[in-house]
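**Q** My structure is below; once you've seen it, I'll send some questions.
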Amino acid sequence: MGGPALHVAYLTAGLAKRGYETTLVAGSLAPGEDSMAFVADELGVDVVRIDELHREISPARDLVAALRLARLIRKVRPHILHTHTAKAGAVGRAAALLAGNARPPVVVHTFHGHVLRGYFDPLRTRAFRQLERTLARSTTALVAVSPQVRDDLVELDVAPATRFAVVRLGIELDQRVSPGSNGRGETRRVLGIGERPFTVGWIGRMTGIKRTDDVLLAFKSLRERGVDARLCLVGDGPDRNEVERRAHELGVMRETLFLGYQEQVASFFAAFDVFVLPSANEGTPVTAIEALAAGKPVVATRVGGIPDVVRDGEDGFLVAPGDVEALADRLAELATDDALRERMGKAARARVRERYSVERLVDDIDRLYRSLLEAEGLGRLLA
């Protein structure tokens with residue numbers, strides 16, 4: 001689910017064209033989440049399922065997942081193991097150690113952000129930081145999806161900067177968001193918004209780290225300033241009921257649309273005037289990239305990899321996490337300045353398509369793999 005799912009699906013398909021044989025493994029989803037496996041299906045990418053691998057911590061299930069992965073490693077005998085995201089990265093790299101003499105000679109891990117700050121209580125946070133430091137020592141190369149994520153991990157003493165490569169996400173933006181087929185009017189008609197109201201959009205997983213309460217509070221403040229506005233929340237998650245309750249409590253439920261999880265998002269971006277992302281932490285948010293590709297300014301928090309995606313004052317605005325009034329101020333500025341929205345939208349479209357292209361991603365990873373294989377004396381595989 002989410003950006004990493006898109007990333008690995010596109011990467012697997014792209015590497016196949018370069019001569020790599022890849023086995024893509026994924027786990028199970030939490031209740032209330034929908035799978036993005038349809039992207040892999042559309043690309044003709046097969047996915048091996050290990051149901052015991054999931055987001056929540058469970059020592060027994062995590063051990064079973066690691067043992068099943070180790071068995072798969074011994075069967076496939078890959079030259080490279082490349083893990084993504086925190087939980088799968090920990091289980092996958094543990095499986096490499098459990099695989100014994102079948103352990104891949106090259107082990108790579110990509111941090112799509114991290115859970116080492118702001119997710120858990122202090123005791124568990126310290127434990128996870130130590131775990132990442134230990135795993136880093138047995139990993140050939142570490143990859144961060146932005147310079148900010150790398151710098152954060154270096155500051156947290158996960159590994160020195162020399163151990164990291166920065167490889168930004170790659171997304172088929174023409175497939176995900178097609179600016180040529182602007183369904184703004186039709187989508188707004190179907191949603192019952194109309195043409196005039198200023199429409200704020202949010203897309204994501206409804207969970208604490210996304211600070212959806214800040215979205216509602218900023219929207220309430222925007223309405224109180226006299227802006228005729230609507231809020232579209234696209235997504236689902238464990239906090240869905242609480243977010244709906246808060247919308248009722250704040251008196252904005254009538255102006256807020258809860259649209260649930262949607263596989264196709266292009267029409268919703270077309271309907272938005274601005275996209276908002278007040279997360280407490282992010283790696284490289286795919287939704288922000290998609291919004292910019294659709295020509296929509298983004299108002300987001302200055303955390304994680306977001307400043308690498310959104311240029312403050314050029315294609316959106318950045319505010320401090322938790323600063324609801326600043327969030328509302330920026331939304332109000334965009335609501336009352338059509339020319340500013342247009343200028344930012346054009347600047348956004350011109351930049352993100354090449355910067356986050358799948359072709360660039362595959363080039364970067366291919367180059368990294370080749371350098372690591374050659375360093376391990378496996379250059380013959382590249383002939």
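**Q** Looking only at the stretch 291-300, decide whether some residue is touching an Asp or Glu at 6+ places or on another chain (Cβ under 9 Å), free of Cβ contacts under 8 Å to residues at least 60 places away in the same chain and within 24 Å of Val154 (Cβ to Cβ).
**A** So far as the stretch 291-300 goes, yes, one or more of its residues are touching an Asp or Glu at 6+ places or on another chain (Cβ under 9 Å), free of Cβ contacts under 8 Å to residues at least 60 places away in the same chain and within 24 Å of Val154 (Cβ to Cβ).
**Q** While we're here: Please find, within the stretch 146-173, the residue that is surrounded by the fewest Cβ atoms within 10 Å (Cβ to Cβ) out of those that are out of contact with any strand residue (DSSP E or B) (no Cβ under 8 Å at 6 or more places or on another chain) and without any contact (Cβ under 8 Å) to a residue 12 or more places away in the chain.
**A** Thr162
**Q** Test Asp228 against the criterion of being assigned by TED's automatic domain parsing to the domain that holds Leu334, among the acidic types (Asp, Glu) and either crowded, with 18+ Cβ neighbours inside 10 Å or touching a residue at least 60 places away in the same chain (Cβ under 8 Å) (or both), and give yes or no.
**A** Against the criterion (assigned by TED's automatic domain parsing to the domain that holds Leu334, among the acidic types (Asp, Glu) and either crowded, with 18+ Cβ neighbours inside 10 Å or touching a residue at least 60 places away in the same chain (Cβ under 8 Å) (or both)), Asp228 does not qualify.
**Q** Among the residues of the stretch 56-90, which ones are basic (Lys, Arg) and buried (at least 16 other Cβ atoms within 10 Å of the Cβ)?
**A** Those that are basic (Lys, Arg) and buried (at least 16 other Cβ atoms within 10 Å of the Cβ): Arg61, Arg68, Lys87.
**Q** Please verify whether Arg93 is surrounded by 17 or more Cβ atoms within 10 Å (Cβ to Cβ) and out of contact with any Pro (no Cβ under 7 Å at 6 or more places or on another chain), treating the condition exactly as stated.
**A** So Arg93 fits the description; yes.
**Q** For the stretch 35-50, state whether one or more residues are touching a residue at least 12 places away in the same chain (Cβ under 8 Å), more than 23 Å from the chain's Cα centre (by Cα) and surrounded by fewer than 18 Cβ atoms within 10 Å (Cβ to Cβ).
**A** no
**Q** Within the stretch 32-113, which helices (runs of 4 or more DSSP H) (wholly inside it) include 1 or more residues that are closer than 30 Å to Pro307 by Cβ and touching a Lys or Arg at 6+ places or on another chain (Cβ under 7 Å)?
**A** Per the criteria, 86-98.
**Q** Looking at the stretch 97-113, which of its residues are over 15 Å from Leu131 (Cα atoms) and either modelled with pLDDT of 95 or more or touching a His at 6+ places or on another chain (Cβ under 8 Å) (or both)?
**A** Passing the criteria: Pro104, Pro105, Val106, Val107, Val108, Thr110, His112.
The values are calculated or read from the model by the stated rules, or taken from the named source; none is laboratory data. Just so we're clear, the structure is a prediction, and the values are computed from it rather than from any experiment. Glycine also receives a Cβ, built like all others from the backbone with ideal geometry; neighbour counts cover every protein chain displayed.
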